[in-house]
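The numbers here are math on the coordinates, done by the rules we state, and not lab data. These numbers come from a predicted model, not from an experiment. Here the Cβ is made from the backbone with ideal geometry for all residues, glycine too, and neighbour counts use every protein chain on show.
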Amino acid sequence: MKKNIILFSLFLILTSFYFISCNNNEFTIGQDYLSSDVRIAVVDTCTVNLSTIRMMDSVVTSNKGIALVGRFDDKDFGKYTATSYFGFLKPDNSNLTNSDYYDSLSLIIYYNKYYYGDTNQYQNISVFRLNENIVLNDTALYNNSSFTYDPAPIATIYFRPTWKKQRVSIRLPDDLGKDIFNKILNQSIAVTDEASFEKYFKGLVLVTDKSKSSNIAGFIVNDTSVVIRLYYDLANVSRGLNSLDISVNTSLQFNQINQEKVSSSYLDLEKFSKKNNDELSSEVTGNQSYIQGIMGFDVELDIPHLDNFLLTSDYIGISQAILYIPPVFGTYPSSTPLPASLSVLMIDQFSNVSSYSTATLVTDYVNNQNTYYEFDISGYLRNQLGAFPINKKKLLLTLSNSDFNTTLKRVVLADQNNPKNRLKVQLKLLFYNANSN
């Protein structure tokens with residue numbers, strides 16, 4: 001008890017620290033401070049290993065409330081193409097009469113202000129009609145799911161993302177509109193029964209023209225924001241005053257994301273085999289590691305020589321441990337803004353993950369060179385220090401749940417040897433000899 005009181009008192013009056021190292025070549029500590037009972041030190045040279053890990057190559061993108069459409073060439077991650085598929089529910093009940101007549105048919109979607117890439121350029125978006133029904137793979141659809149569609153587009157628009165929400169109306173062919181109108185008017189089973197409607201109208205897909213797109217845009221997906229709207233005139237009433245909607249089936253909407261081979265980046269997809277959990281050390285990827293949620297890339301972090309602390313004294317206490325991981329300077333232009341935070345998970349040798357913390361982005365708005373993610377790893381280190389090998393865990397950095405499979409957000413993180421900016425760790429440690437009086 002007396003020892004604990006002395007220890008606590010000395011800790012409160014500390015005004016300076018000594019430096020130690022936790023690599024596998026040497027381990028030194030400073031001189032005793034004020035008492036042989038206590039040794040205080042700050043570590044900022046502890047070895048931290050980073051690796052890019054691909055735990056999954058199929059990421060769920062269905063029923064996420066967003067449609068992604070477009071194409072963008074990212075120098076660090078390659079060329080991305082986003083294509084969005086939509087299934088629809090049968091039309092609303094309608095009181096159409098023989099006195100009503102068809103006016104027009106439009107696909108209505110709403111841009112949600114999300115973009116990735118160069119918003120100064122327009123993209124060419126075409127609407128195609130599906131040739132096969134969208135069918136769930138078990139309970140979901142993925143970034144690599146696909147279904148065939150007619151090669152001839154039924155509509156095309158030019159669209160440019162902006163900072164404002166936009167309502168986008170795409171005029172669909174009148175022959176399709178009139179056919180739907182007549183089926184509703186005659187109460188055909190093709191539009192009154194859900195299964196029959198799926199056979200009649202299998203859905204739509206939005207596809208960008210790869211040669212005329214330099215951005216990816218996001219559109220809101222819910223049962224009122226994505227509709228096929230049929231306009232019709234009532235007898236003796238002004239034109240266009242009435243309509244009925246065919247709403248999207250949100251469970252059958254998903255985003256297909258294609259990534260072409262990276263030629264100008266260290267992130268070579270061919271280095272990853274088809275097996276899960278393959279990883280690339282930052283040493284072979286230019287002293288940097290990659291996070292990209294919707295394609296399944298995460299960063300694994302390990303402190304391999306932590307137990308060396310145990311060799312220096314009968315006891316070691318971790319007062320605080322903070323990790324500072326900067327995005328590599330030059331990899332986050334305004335067209336690809338950094339995520340505001342990263343999720344920090346713990347992963348064991350069997351690839352089981354558990355929640356741990358959040359890494360918060362600290363932005364250098366003045367020089368734009370001292371930007372970094374910061375998070376406390378004190379609890380993690382205390383848990384891992386001296387743990388049996390089977391209980392050892394690493395840290396996994398990934399996008400937050402809100403970004404993971406609904407955006408193209410990504411980040412390139414620097415390791416301790418990156419020439420532009422470097423990962424730093426600061427450990428505040430407390431030592432004392434258990435055998436002292």
Span per principal axis, largest first, for the Cα atoms of the stretch 142-255 (Å): 46, 34, 26
Could you work out how far the C-alpha centroid of the stretch 307-354 sits from that of the stretch 89-132, in angstrom? 45 Å
How far, in nm, would the chain grow between ASN131 and SER58 when pulled straight, counting 0.36 nm per residue and subtracting the alpha carbon separation? 23.9 nm
Full extension from ASP92 to SER341: what is 0.36 nm times the residue separation minus their Cα-Cα distance, to one decimal in nm? 85.5 nm
Quick one: what does P(r) look like for the stretch 66-259 with 5 Å bins over all Cα pairs, in whole %? 1, 8, 15, 20, 19, 15, 10, 6, 3, 1, 0, 0, 0
For THR148 and ILE322 in the same chain, what is the full-extension length gain: residue separation times 0.36 nm, less their Cα-Cα distance, in nm? 57.6 nm
Past the 21 Å Cα-Cα mark, which pairs from LYS75/LYS212; LYS90/LYS202; LYS165/LYS202; LYS75/LYS210; LYS393/LYS420; LYS75/LYS409? LYS165/LYS202; LYS393/LYS420
Backbone N under 11 Å from the ASN383 label point (7 Å along Cα→Cβ), restricted to the stretch 46-60: none
Output the relative contact order of the stretch 66-259, whole-number percent, from Cα pairs under 8 angstrom with separation of 6+ residues. 44 percent
For the stretch 366-436, what class follows from the C-alpha gyration tensor (a ≥ b ≥ c being the square roots of its eigenvalues): rounded when a/c is under 1.5, otherwise prolate if a/b is larger than b/c, else oblate? oblate
For each of GLU300, GLU260, count neighbouring Cβ atoms within 10 Å of the residue's Cβ, then give the residues from fewest to most. GLU260, GLU300
Rounded to the nearest whole number, the Stokes-Einstein translational diffusion coefficient of the stretch 293-437 at 37 °C and 0.692 mPa s (Kirkwood radius, C-alpha pairs) in µm²/s is 196 µm²/s
Could you grab the Rg to Rh ratio for the stretch 82-131? Cα atoms only, Kirkwood for Rh. 1.08
